[in-house]
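Student: Dropping the structure in here first, questions after.
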Amino acid sequence: MTPIRQIIVQGILPNLAIYAPIVLVLLVGFVLAIVTWKKHPKASLLTILAIPLFILNLLLSLVVPFFPQFLLYLNVRINFPLRSLAIVSNIVLSALSFIGWILILLAIFLRRKPKAKLNAAAEPSSDSKMEDQSD
């Protein structure tokens, strides 16, 4: 077995299996955002933008730790320390997560237009206001 195949089989795939429930929840959220697009277009759009960021973040977080081993196997010479690569990759992963969470929070707390039926049911009719004043 080649070293790259060994890294994939022994390092990445088991971790991907661990994260499978999270990916499943994200995919369900993506489908729900598409289904509710007409009802809440802004929230759905923000969710549809955020979920791929979360999935990309998850996949990169699985691959990045093995990146130095890939470079060594491919005999790639790099002119900077691997520690710098780890720092930059952590910043990128944190930024992806940060942006995704901001989008999700905006989708949750974004003001939505109230439905006319809900407002009509909550407000008393003009006839009942007149009855109250006559008493």
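Student: Going by average Cβ neighbours within 10 Å, how do the peptides 26-34, 81-89 rank, with the highest at the top? Walk me through the intermediate numbers first.
Tutor: Numbers: 26-34: 14.6, 81-89: 11.9.
Packing order, densest peptide first, comes out as 26-34, 81-89.
Student: Provide the three semi-axes, in whole Å and in decreasing order, of the ellipsoid equivalent to region 1-121 as defined by the square roots of 5 times the Cα gyration tensor eigenvalues.
Tutor: 40, 17, 9
Student: Further question on the same structure: State the three equivalent ellipsoid semi-axes of region 17-69, derived from the C-alpha gyration tensor as the square roots of 5 times its eigenvalues, in descending order and whole Å.
Tutor: Equivalent ellipsoid of region 17-69: 28, 12, 5 Å, largest first.
Computed from the coordinates by the stated procedures, all read-outs in this text should not be read as laboratory data. Just so it is clear, the model here is predicted, and its values are computed rather than measured. Glycine also receives a Cβ, built like all others from the backbone with ideal geometry; neighbour counts cover every protein chain displayed.
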